[in-house]
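Okay, so here's the structure we're looking at.
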Amino acid sequence: MTGVEVVTASCGDQDTVVGILRAASAAGAGARASTWGREFPDVLRDLPDGLVHLARLDGRPVATFVLRWSDERVWGPDDGQAGYLHRLATHPDVAGRGLGAQLIAVAAGLTRERGRRWLRLDCDRDNERLRAYYEGLGFAHAGDVDWLPRTTRPGYRAASRYQRAVRQ
């Protein structure tokens, strides 16, 4: 896919980022909607810190992801060795074009630039399709976490953790 540009989102991109997340959540109604909900307070908190990224295809915003430098809630105390990928989402209009894999490659590059060895992420433990997707991209299962508090609504979820080395 040509014409993809990934930039750090600004606070002015808030509505665009949330719009992409909502559209992706609605399109994946069974999987993502049950995990993500409709509000994204964590993403809104990350915008001012430059942790949210926005992908444009031929100038049009079509995807987003968050890359954090710690994730104690899921992975425990930060070991300084990883970037943590969250909220990877593509707009349904561009689904199936390989954009997700490209964004993961960008996140791996940003992680490598920071001198870190691993790109880590988590997903709903029961989402077999998403787990197979990450495994197909070279991520190794690194264990599960039960009773993980949800960030968007009350309750808990079970998550599977994945990691992949970034090439130095």
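Starting from residues that are under 11 Å from Ala55 (Cβ atoms) and hydrophobic (A, V, I, L, M, F, W, C), keep the ones in region 80-92 and report whichever is surrounded by the most Cβ atoms within 10 Å (Cβ to Cβ).
Taking the candidates together, the pick is Ala89.
Of the residues that make up region 47-54, is at least one part of a loop (DSSP other than H, G, I, E, B), out of contact with any Asp or Glu (no Cβ under 7 Å at 6 or more places or on another chain), closer than 25 Å to Ala26 by Cα and open to solvent by 10 Å² or more (accessible area, probe 1.4 Å)?
yes
Is it true that some residue in region 62-72 is open to solvent by less than 60 Å² (accessible area, probe 1.4 Å), under 22 Å from Ala9 (Cα atoms), assigned to a strand (DSSP E or B) and without any contact (Cβ under 8 Å) to a residue 24 or more places away in the chain?
Yes; the residues of region 62-72 include at least one that is open to solvent by less than 60 Å² (accessible area, probe 1.4 Å), under 22 Å from Ala9 (Cα atoms), assigned to a strand (DSSP E or B) and without any contact (Cβ under 8 Å) to a residue 24 or more places away in the chain.
Residues in region 108-120: is at least one of a type in the set (Asp, Glu) and modelled with pLDDT under 95?
The answer is no, given that none of the residues of region 108-120 is of a type in the set (Asp, Glu) and modelled with pLDDT under 95.
Working carefully through the options Ala108, Ala95, find the one that is under 22 Å from Val43 (Cα atoms), open to solvent by less than 60 Å² (accessible area, probe 1.4 Å) and either among the small types (Gly, Ala, Ser) or in contact with a Lys or Arg (Cβ under 6 Å, 6 or more places away or on another chain) (or both).
None of the other options fit; the residue is Ala108.
Does region 112-132 include one or more residues that are surrounded by fewer than 15 Cβ atoms within 10 Å (Cβ to Cβ) and within 26 Å of Gln14 (Cα to Cα)?
For region 112-132, residues surrounded by fewer than 15 Cβ atoms within 10 Å (Cβ to Cβ) and within 26 Å of Gln14 (Cα to Cα): present.
The values are calculated or read from the model by the stated rules, or taken from the named source; none is laboratory data. Quick caveat, the model's predicted, so the values are computed rather than measured. No Cβ is skipped: glycine too gets one built from the backbone with ideal geometry, and neighbour counts run over all protein chains shown. We work out accessible area using only protein heavy atoms, side chains counted, and drop any ligands, DNA or RNA first. Shrake-Rupley method; radii C 1.70, N 1.55, O 1.52, S 1.80 Å.
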